[in-house]
There are 2 protein chains.
Amino acid sequence: MFRTHTCGELNINDVNKNISLAGWVQTIRKFGSITFVDLRDRYGITQLLFSESLNEKLEANPLGREFVLQVSGVVNERSSKNPNMPTGEIEILVSDFTILNKSITPPFTIQDDTDGGDELRMKYRFLDLRRQAVKKNLELRYAVGRSTRNFLHEQQFMDIETPFLIKSTPEGARDFVVPSRMNAGQFYALPQSPQTFKQLLMVSGYDRYYQIVKCFRDEDLRADRQPEFTQIDCEMSFVDQEDILNMFENLVKRIFKDVKNIDYIESVERITWEEAMWNFGNDKPDIRFDMKLCNLKFPSHTFPTKADISSLISGVDFKVFDESETVIALAAPGCSEYTRKQTDELTEWVKRPQIGMKGLVYIKCNLDGTFKSSVDKFYSEEKLKAIAEATGAQPGDMIFIVEGAEERTRKAASELRLHLAQQLGKRNPEVFKLLWVLDFPLFEYAEDDNRWVARHHPFTSPKPSDIDTMINNNPVIDNPSAYLKHPYANIKANAYDMVLNGNEIGGGSIRIFQKELQQKMFAALGMDEHEQQHKFGFLLGAFEYGAPPHGGIAFGFDRLCSILGGSESIRDFIAFPKNNSGRDVMIDAPSTIDDKQFDELQIKLDLKD
Amino acid sequence: MFRTHTCGELNINDVNKNISLAGWVQTIRKFGSITFVDLRDRYGITQLLFSESLNEKLEANPLGREFVLQVSGVVNERSSKNPNMPTGEIEILVSDFTILNKSITPPFTIQDDTDGGDELRMKYRFLDLRRQAVKKNLELRYAVGRSTRNFLHEQQFMDIETPFLIKSTPEGARDFVVPSRMNAGQFYALPQSPQTFKQLLMVSGYDRYYQIVKCFRDEDLRADRQPEFTQIDCEMSFVDQEDILNMFENLVKRIFKDVKNIDYIESVERITWEEAMWNFGNDKPDIRFDMKLCNLKFPSHTFPTKADISSLISGVDFKVFDESETVIALAAPGCSEYTRKQTDELTEWVKRPQIGMKGLVYIKCNLDGTFKSSVDKFYSEEKLKAIAEATGAQPGDMIFIVEGAEERTRKAASELRLHLAQQLGKRNPEVFKLLWVLDFPLFEYAEDDNRWVARHHPFTSPKPSDIDTMINNNPVIDNPSAYLKHPYANIKANAYDMVLNGNEIGGGSIRIFQKELQQKMFAALGMDEHEQQHKFGFLLGAFEYGAPPHGGIAFGFDRLCSILGGSESIRDFIAFPKNNSGRDVMIDAPSTIDDKQFDELQIKLDLKD
């Protein structure tokens, strides 16, 4: 036994106890003939006092930063107490010590405000993990997992493991594949998700399944993606969408309570995909603040049910708006006094290539009810007032307007909304606001192949009211330029995303459970019967033996943890993450393999220059 | 909402309630104008009564086995109650029903005593999983996992995920590898265990880690191996062997209590590896029964400290024993009246190629104190008595003796012991007996390469008393035939196995945590400095920055579940297992991949004929 206590637990009630501790040397301070050492372990920090009698031993065995130390001694009341730490009222009067292991000087300081850069900290991740900030992230991750398991257990979900060595059925993302030695010439794939297996479990009658499980996607990594990531994966039988929404908003509320001690008692807001796109310009709106978009002008086919208010901006010979496909305004609350410098900065911001606008029109809504705009030349005070009314702007607000092609402009308006909210302090990471986004389109149009692709995945059911449309129409798109007029373009999915603070944290759907409908879906995605059988024959087969109605959801565990932890980066919440090239720079993987391995697997390299 | 209740919960207290259920049609029985249906779901079976009024609808919508059915109705008290099922006192008087999905006739019956063969059940695993017997196994598995997590949580262990895409460092078993598209020509490996990562977590100060985690080994599959399997993987810092043994025998006791309601209050027995080999002929003895081996003759180098009692069998000119390297006896209690047919059968059994003995000598210990043996020609009554005393045989026992080369004979004696115990009903799967096996040799001799290999793995620490022997001796074996005389042959490991009913369910060790000793270990295993750096540079590096003393253990989760479930086969406890060729016959994996995948991965096949 190396210790009687940990470095986080001794306090004033333990005074005079004989104890032993083990941990890492955080700091060493000498005061004349006595030495103070802060000893650190996972649980906290305890101050050690080496009195003069140990000086000889200390000289023979000098301590250093990050040395592993075992001490025995007596708990003492401190003369100068530190009320900020649980052990701050005591110190250990050391009677003896052993250096269990030494340390060379770490390449960066083991502190919250470390001097180590990203790359260095990744290479020495085992040291970075010692930092309190990173430890707190992993503790939060563990707490989220534990809370999830407890809730789902109480709801009679069963954790059932699905296989990792499965079949490659690339559809959307690329699979990682694994050559099979015993079946030469053949490959396993690592699962992108346990989707088909959890559906089979429903066919098997396991009615409430979950797993916290690693998934794999071989995609080019954007800033915050990982080739391996973790999902909270769930599926239920004999449920409709409403059952799923209720169950899983309660899961997230439980996590809020257990992990953040937040009572999220209000019901979770719901919005359709169309309303999200209309009001916020994207399908995962941050609704911690309002600032809805005002669609001054839009192509009629994109939102066929919405009223056209473009007369508000037309008829004044302002060519920029007249020639634009889309004009979107939003009111920034309390920003009417923005300086020229500030509006110039915003203009530059929207002109960056990532946003891609040509400029930014503004309208000041002065507190006295007057208006001042960058387009005064074209718009009368009255016209400006009408626009302001349409945007819902109040005196004291500033209206910003972007224009251009539909998709890009909508995206820009959405980004601008977030950017302004950030500036205005409306994106407090300690405020949490959930949102269900519903009624997604079932299909997206793939221009390159002139065909439909599944927006969620090929197992998602259409809305019951759209099933006939799907079955009774030919999926072939005869007129590519008018694909939006194809009946399939309007089919809505029984799919739902959960959004937290502007991030999609989970998504799922009610599944197709009828063989014929599933075949129709595969066909709509351009899979012929042979391909259907080759890739998903087992699922179509299973649907012949009494498949129950079912649906599910998967949460991005890494993302959920990072948002709960108030961070933008999932990497901070993964013990051993990979970099943007998919490399683990600590262990230096991937790496070359031996000739013997190639030989046994019966594969060889085929490198392009 | 498809149901108000499940098929396992309604009982006499619910009579007259209006309810709805959903599930699968288990059986249909017609009695005149009424129809009884047993409706099954995950939770149980409820009897449905379709009265005459529904006959018209039933005729238009005929039911079949495994149809998915939704019914609404009223809970009725049954006239003929079934006390063997929780819902046996009631039935549902059906008012309306909906066929949610149909089923074609399953290829085998969904019953405990199914008529389906192994292969058929694997192909239709989603139907096999419907069987009560399989469901109970998965429920037990979930319960074991849950119990494990709860215990480890209470003991302040943290579940921390380690990566699946790591580096290939084949050492012992073969790695599965994953070609990297983004790093062409390089490969990830799937982890055989999270060993080095959990050690790094100890270096990082996370002092109590666990994971229930998939691991991968590309080995030729013996009957009961799987290419992917699950471990309960644990590691602790600032512990010695005693701490680990205490912690994890308490884990297993907790699992016994939670899952089987068994109070395993006695302390877990401990035995050294040497004593296990001596007394039981193998390192995972089943100690639910005694029947120790009696080593009548053995090569002096194998058990140097044991007394030679070969004079008991020598000096009578019985050439078979005189010329044998090893002679081992064991007494089968109460078997003295075995018939000639029975002993003949046993003789044939030991002569099978898997056992490989040339024959079986027996000595009957008659109840009257006399002896009768198959070697009466050579051994006097007095001699037989002395042998019987050495074996500890009692009147009424039968002594069996095998002889031959050391290793094979010891293995045969061990197998014979288990075989006899099985015949004698001493291997009751509902009796559980734990055992720690300690003090394994650190090294094994690899004849082919004339070098040492790590018996456990290269990170296992020698016993503290053996560290000097390891450091101060050259690992090179100058004289292969006398390798047992090399100082390394006697170095003991700080390693331990947990054995349950003759199965190794867990194993672990105290780890090396000093860089120099780890380097010495790698060198002893034939790794030069370059290879050490290439494969394990990150670990050697980490040991420079204050690595704490640490150790851990990993339990074979599949195996543990199968033994607790009273089964010999782990496959029965895995939702989607693979067959002996590593194939998933249900989804037909592994399989070929597309040219595009080869192209992107920059690899090609290199098939031998």
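Where a number appears in this text, it was derived from the coordinates with a stated rule and is not lab data. What you see is a predicted model, and the numbers here were worked out from it, not measured in a lab. Ideal geometry is used to build each Cβ from the backbone, glycine not excepted, and the neighbour counts take in all protein chains shown.
A simple spin-label model places pseudo-atoms 7 Å from Cα toward Cβ; at B:Glu430 and B:Asp344 they are separated by 3.7 nm. Taking a straight Cα-Cα cut-off under 17 Å and skipping sequence neighbours fewer than 8 places away in the same chain, the lysines within cross-link reach of B:Lys257 are B:Lys433. Spin-label model, B:Arg225/B:Glu600: points 7 Å from Cα along the beta carbon direction are separated by 3.2 nm. Looking at the range A:401-456, the GluC sites (Glu not before Pro) that sit in a DSSP loop and have at most 14 other Cβ atoms within 10 Å of their own Cβ are A:Glu430, A:Glu447.
What does the charge add up to near A:Gln186, with Lys and Arg as +1, Asp and Glu as -1, over the other residues with Cβ less than 11 Å from its Cβ? Intermediate values should be presented prior to the final figure.
Numbers: positive: A:Lys167, A:Arg181, B:Arg583; negative: B:Asp588.
Overall, the nearby charge balance is +2.
How big is the gap, in Å, between the Cα center of the range B:553-609 and the Cα center of the range A:519-596? Each part reduced to its Cα centre gives a spacing of 17 Å.
Label-to-label distances for A:Asn473 across copies, nearest first, come out at 8.1 nm, using points 7 Å from Cα in the beta-carbon direction. For A:Arg511, the residues whose amide H sits under 5 Å from its own are A:Ser461, A:His550, A:Gly551, A:Gly552, ignoring neighbours fewer than 5 places away on the same chain, with H placed 1.01 Å from N.
Separation of the range B:274-341 from the range B:155-206 is 44 Å, based on Cα centroids.
Rounded to the nearest 10 degrees, the angle from helix B:132-154 to the longest Cα principal axis of chain B is 60 degrees. Across the identical copies, the 7 Å label point of B:Gln111, projected outward along Cα→Cβ, sits 7.5 nm from its counterparts, in ascending order.
How high is the relative contact order of the range B:244-387, in percent, with contacts defined as C-alpha pairs under 8 Å that are six or more residues apart?
Details: 118 pairs, mean separation 21.5, N = 144.
Value for the range B:244-387: 15 percent.
What do you get for the angle between helix B:529-542 and the principal long axis of chain B? Use alpha-carbon atoms, 0 to 90 degrees, nearest ten. Roughly 60 degrees, rounded to the nearest 10. Note on B:154-163: average number of Cβ atoms from other chains within 10 Å of each residue's Cβ is 6. Applying the criteria of a DSSP loop state and at most 13 other Cβ atoms within 10 Å to the GluC sites (Glu not before Pro) of the range B:235-310 yields B:Glu266. Based on DSSP H segments of at least four residues, each scored -39500 (n - 2.57), chain B has a per-residue ellipticity at 222 nm of -8000 deg cm²/dmol. Put a dot 7 Å past the Cα of B:Glu447, heading toward its Cβ, do the same for B:Lys608, and the two dots end up 2.3 nm apart.
By the scheme Lys and Arg +1, Asp and Glu -1, what is the net charge of all other residues having a beta-carbon under 13 Å from that of A:Glu600? List each step's numbers first, then the result.
On the way: positive: A:Arg181, A:Lys596, A:Lys604, B:Arg174, B:Lys608; negative: A:Asp594, A:Asp595, A:Asp599, B:Asp175, B:Asp218, B:Glu219, B:Asp220, B:Asp606.
Taking every other residue near A:Glu600 into account, the sum is -3.
Shielding by partners for A:230-238, please: the mean number of other protein chain Cβ atoms within 10 Å of each residue's Cβ.
Values: counts 1, 0, 0, 0, 0, 0, 0, 8, 12.
Per residue, the average neighbour count from other chains is 2.
Per residue of peptide A:579-586, the mean number of Cβ atoms on other chains within 10 Å of the residue Cβ is 4. Electrostatic bookkeeping for A:Ile34 treats Lys and Arg as +1 and Asp and Glu as -1; over the other residues with beta carbon under 15 Å from its beta carbon, the sum is -1.
The mean sequence distance of close C-alpha pairs (under 8 Å, at least 6 residues apart), as a share of the length of chain A, puts its relative contact order at 13 percent. Sorted from nearest, the other copies put their A:Asp220 label points 4.5 nm away, the label point being 7 Å from Cα in the direction of Cβ. Partners of A:Lys123 within straight-line reach, counting lysines whose Cα lies under 27 Å from its Cα and excluding those fewer than 8 residues away in the same chain: A:Lys102, A:Lys135, A:Lys136, A:Lys214, A:Lys578, B:Lys167, B:Lys198, B:Lys214, B:Lys515, B:Lys520, B:Lys535.
Compute the Cα gyration tensor for the range B:396-524, then decide on rounded, prolate or oblate, letting a ≥ b ≥ c be the square roots of its eigenvalues: rounded whenever a/c is under 1.5, prolate when a/b is larger than b/c in the other cases, and oblate in all that remain.
Numbers: a/c = 3.32, a/b = 1.68, b/c = 1.98.
Taking the square roots of the gyration eigenvalues as a ≥ b ≥ c, the range B:396-524 is oblate.
Take the alpha carbon gyration tensor of the range B:289-427, find the square roots of its eigenvalues, order them as a ≥ b ≥ c, and report rounded if a/c is under 1.5; if not, report prolate when a/b exceeds b/c, else oblate.
rounded
Karplus-based coupling profile of the range B:12-22, in residue order and whole Hz: 4, 6, 9, 3, 6, 6, 7, 9, 9, 10, 9, with θ = phi - 60° in 6.51 cos²θ - 1.76 cosθ + 1.60 and x standing for Gly or Pro.
Positive-end ranking of B:Leu416, A:Thr370, B:Ile328 along the dipole of the protein assembly as shown, with charges on Cβ about the Cα centre, is headed by A:Thr370. The string of couplings for the range B:425-442 from the Karplus curve (6.51, -1.76, 1.60, θ = phi - 60°) is x, 9, 10, 5, x, 9, 9, 10, 9, 8, 8, 8, 9, 10, 6, 5, x, 6 Hz, one whole number per residue in order, with x for Gly and Pro. Looking at chain A, what % of its DSSP beta bridges pair antiparallel, to the nearest 5? Percentage antiparallel, nearest 5: 90. Bridgeable aspartates and glutamates around B:Lys297 (alpha carbons under 12 Å apart, same-chain partners fewer than 8 residues away excluded): B:Asp308, B:Asp322, B:Glu323, B:Glu325, B:Glu403, B:Glu406. Between the Cα long axis of helix B:381-391 and the first principal axis of chain B there is an angle of about 60°, rounded to the nearest 10.
The chymotrypsin sites (Phe, Trp or Tyr not before Pro) of the range B:275-377 include none that meets both criteria, a DSSP state outside H, G, I, E and B (loop) and at most 10 other C-beta atoms within 10 angstrom of the site's C-beta.
Please say if the protein assembly as shown is rounded, prolate or oblate, where rounded means a/c under 1.5 for a ≥ b ≥ c the square roots of the C-alpha gyration tensor eigenvalues, and otherwise the choice is prolate for a/b larger than b/c and oblate otherwise? Cα axes put the protein assembly as shown in the oblate bin.
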